[in-house]
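S.K.: Can you read through this structure? Questions will come right after.
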Amino acid sequence: MAITVFAAIDVGSHETAMRIYEISKKHGVHELEYLHHTARLGYETFSTRHISYHTIDKLCNILLGFKEKMMEYRIKDYMIIATSALREADNNLIVLDQVKQRTGFQIKILSNSEQRYLCYKAIALQPNSFHKLIQKGTLLVDVGGGSIQLSLFDKNNLITTHNILLGSLRIQEFLQTMQGDVINYQNLVHEYISNSLHTFSKLYLQDCNVRNIIAVGNQLQTFVKYLVTHHFGNLQPVDSKGNKKDSVNRQEYEELYHAISTQAPDDLARELSISEDKAELLLPTAMIYHNIFEETGAEQMWLSGITLCEGMAADFAERKEKISPAHSFLDDIIHTARSIADRYGCSKNHCDYVENAALKIFDAVKRQQNMTKHDRLLLQLSVILHNCGSYINLKEVGENSYKIIMSTELIGISHKERMIVATAVRYLRDYFPEYSQLQDSFDKEEYVRIAKINAILRLADAMDRSHKQKFTAITTTLRSQVLTITGSTLEHGIFQNHSDFFEEVFGIQPILKQKKTMTPKHIESTKGKNGGRP
């Protein structure tokens, strides 16, 4: 049985942590060791947008310690990532270079959507609970140091996801700033949080009854520890069967919140045997979940205890085919894109038609062009969202669609991939730019990738520019650098305008061909020749 030892390192806003996992097909993902040290990158980034030399030095020393531990385990496979604390720092390139020079580690800064996607993968590994919960209205709440990610699931689908800059570190700073000036400062912070959550609720929760909250994030660990070790009121760390509790109802949570909000951080630190820095984050975290309970009216909150490190391990295990996730996140990505298109009034019939045509063209040329499954996904997203800009006005549909896509998160694809989708859509009906006009944003391979997605999208869209789906029953055949697209009714004019660009990009000539149909007169003639047999 092949066993892989994998290290996941998370350079977080409050602390830098490493978890070492044993991964196998038989036993899945099993944690062997957990190490963590406080390195308050987030405090500096969120207040000054700059990480000091002292903090860089401390981070490098922590990572060198982790490197020694990895050598003990003889670890070859690892992943080291950073999130908002480095993502928002104005000197993040200098930090990355210092870390690489001093430790040999190359840190990958995740976009927000990549970060949340890893957490979803870890949650989906949990035994059945995730899949059962998301059948009914469920809000997944990922509280980080810098922001909160709110993801709405219903009927087994991801409906929408939204990021709010209200992480526990930001709120804690706000609390400290106001504590000496305002008598009832907790109520004021409560209102501050509520305002942002209420806006999200009005936009996205009107048509969905949220029954469950799934709480995740590195900030939750101390929160869960408090729940498990405390005994007060009706709240117990185990259920009626003696099993460790992994959820609380609204009444239990209110008791929990009241207890945390009336204890000083130094008392909490002593009681839970944690640093005072960690204890100070308990109240902001509790306030966030308290507001979410109030805003959604949810009945239950599930405490997953999932960390970003587990997400890295789950992603590694899936890529190495050690595990197969039970939940299809590919379907979530596509479903979210369809929800965005619906929100902006895109014609479903037209989008479905163009998607079908585009994917058939892609499947015909993919092997010759060495295009991947991920290229197919990006094409599919481009098709679904290509017309959303018409919601703003009909004069600059491509430009408006570009802005909408760049302003909307698509969990499961990176920021660069979102730029690829947005750029392919941006030039759907305009002249496709030369590389010199896009080289500040894309390398040459990415430029060609965008051009290919754009060429297929142009061709498929041209086949239904009337939005009446006249050219139906489409089939595609590629032979000798000629792509023959066969259907029922031809609309040559607009298709010809875009076929030249397709031929330029792929080196393949696309032609439209009408299927032969038998007229009533021809059918009668055939009957006569065959003695009445069809």
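The values are calculated or read from the model by the stated rules, or taken from the named source; none is laboratory data. Here the structure is a predicted model, which means the values were calculated and not measured. Please note: Cβ atoms are built from the backbone with ideal geometry, for glycine as well, and neighbour counts cover all protein chains shown. Calculation scope for accessible area: heavy atoms of the full protein, side chains included, ligands and nucleic acids excluded. Shrake-Rupley method; radii C 1.70, N 1.55, O 1.52, S 1.80 Å.
S.K.: Leaving ligands, DNA and RNA out of it, rank 192, 53, 21 by accessible area with a 1.4 Å probe, largest first.
M.R.: Most to least solvent-accessible, the answer reads 53, 192, 21.
S.K.: On a 0 to 90° scale, report how tilted helix 415-426 is relative to the longest principal axis of the chain, with both axes built from alpha carbons and the result rounded to the nearest 10.
M.R.: Long axis of 415-426 versus the principal axis of the chain: about 30 degrees.
S.K.: Quick one: grab the alpha carbon gyration tensor of the stretch 244-349, order the square roots of its eigenvalues as a ≥ b ≥ c, and give me rounded if a/c is under 1.5, else prolate or oblate depending on whether a/b is larger than b/c.
M.R.: oblate
S.K.: Still on this model: Which FRET efficiency, nearest 0.05, do residue 273 and residue 443 yield, Cβ-Cβ r, R0 45 Å?
M.R.: It comes out at approximately 0.35.
S.K.: Using every alpha carbon pair in the stretch 22-88, what percent of pairs falls into each 10 Å bin from 0 up to the bin containing the largest distance?
M.R.: Result returned by the calculation: 16, 41, 28, 14, 2.
S.K.: May I ask you to rank 131, 14, 54, 30 by accessible area, largest first, using a 1.4 Å probe over the protein chains only? Before the final figure, lay out each step's value.
M.R.: Details: 131 40, 14 10, 54 135, 30 100 Å².
The ranking, largest first, comes out as 54, 30, 131, 14.
S.K.: Considering only 29, 303, 328, whose Cα is most displaced toward the positive end of the charge dipole of the chain, charges sitting on Cβ of Lys, Arg (+1) and Asp, Glu (-1)?
M.R.: Positive-most Cα among the choices belongs to 328.
S.K.: Right, here's the next one. Using the Karplus curve 6.51 cos²θ - 1.76 cosθ + 1.60 with θ = phi - 60°, what ³J(HN,Hα) values do you get for each residue of the stretch 397-404, in whole Hz, with x for Gly and Pro?
M.R.: 3J(HN,Hα) across the stretch 397-404, in whole Hz: 4, x, 5, 5, 4, 4, 5, 5.
S.K.: May I pose another question? Given only helices, namely DSSP H runs of n ≥ 4 each adding -39500 (n - 2.57), what is the per-residue ellipticity at 222 nm of the chain, to the nearest 500 deg cm²/dmol? Could the numbers behind the result be given before it?
M.R.: Working: 23 runs with 277 residues, N = 534.
Theoretical 222 nm ellipticity from helices: -16000 deg cm²/dmol.
S.K.: State whether the stretch 374-460 is rounded, prolate or oblate according to the following rule on the C-alpha gyration tensor (a ≥ b ≥ c being the square roots of its eigenvalues): a/c under 1.5 gives rounded; otherwise a/b larger than b/c gives prolate, and the remaining case gives oblate.
M.R.: rounded
S.K.: Provide the solvent-accessible area of residue 266, counting protein heavy atoms only and rolling a 1.4 Å probe, rounded to the nearest 10 Å².
M.R.: My reading of the accessible area for residue 266 is about 60 Å².
S.K.: With a/c under 1.5 counting as rounded, go ahead and sort the chain into rounded, prolate or oblate using the C-alpha gyration tensor (a ≥ b ≥ c being the square roots of the eigenvalues; past the cut-off, prolate if a/b is larger than b/c, else oblate). Present the calculation step by step, with values, prior to reporting the outcome.
M.R.: Working: a/c = 2.11, a/b = 1.86, b/c = 1.13.
It is prolate, given that a/c is not under 1.5 and a/b is the larger ratio.
S.K.: Tell me which aspartates and glutamates have Cα within less than 18 Å of residue 136's Cα, excluding those fewer than 8 residues away on the same chain?
M.R.: 154, 207, 295, 299, 331, 332
S.K.: Moving on. Could you rank 304, 168 by how accessible they are, 1.4 Å probe, largest area first?
M.R.: Order by accessible area, largest first: 304, 168.
S.K.: Relative to the first principal axis of the alpha-carbon coordinates of the chain, what is the inclination of helix 168-179, with its axis defined by its Cα atoms, in degrees from 0 to 90 and to the nearest 10?
M.R.: Tilt relative to the chain: about 50 degrees.
S.K.: Among 123, 148, 86, which residue has its Cα furthest toward the positive end of the charge dipole of the stretch 1-158, with +1 on Lys/Arg Cβ and -1 on Asp/Glu Cβ?
M.R.: The residue sitting most towards the positive pole is 123.
S.K.: Amide H to amide H, which residues 5 or more places from residue 323 or on other chains are under 5 Å from it, using H placed in the peptide plane?
M.R.: Close amide H contacts, sequence-distant or interchain: 318.
S.K.: P(r) for the stretch 325-406: what percent of alpha-carbon pairs falls in each 10 Å bin, starting at zero?
M.R.: Spelled out per bin, shortest first, that is 17, 45, 31, 7, 0.
S.K.: Sticking with this structure for a sec: With r as the distance between the Cβ atoms of residue 202 and residue 392 and R0 = 22 Å, compute the FRET efficiency 1/(1 + (r/R0)^6) and round to 0.05.
M.R.: Efficiency, from the Cβ-Cβ distance: 0.60.
S.K.: So how much accessible area does residue 36 have, in Å² to the nearest 10, using a 1.4 Å probe?
M.R.: 80 Å²
S.K.: Angle between the Cα long axis of helix 185-204 and the longest principal axis of the chain, 0 to 90 degrees, nearest 10?
M.R.: Helix 185-204 sits at roughly 20 degrees to that axis.
S.K.: List the pairs from 416/444; 366/452; 360/470; 67/100; 67/108; 360/444 whose alpha-carbon separation is above 19 Å, in the order I gave them.
M.R.: Correct reply: 360/444.
S.K.: Can I ask one more? Please work out the average accessible area per residue across the stretch 310-460, using the 1.4 Å probe convention, and give it in Å².
M.R.: I get 44 Å² per residue for the stretch 310-460.
S.K.: Grab the Cα-Cα distance for residue 500 and residue 156, subtract it from 0.36 nm times how many residues apart they are, and report the gain in nm with one decimal.
M.R.: 119.6 nm
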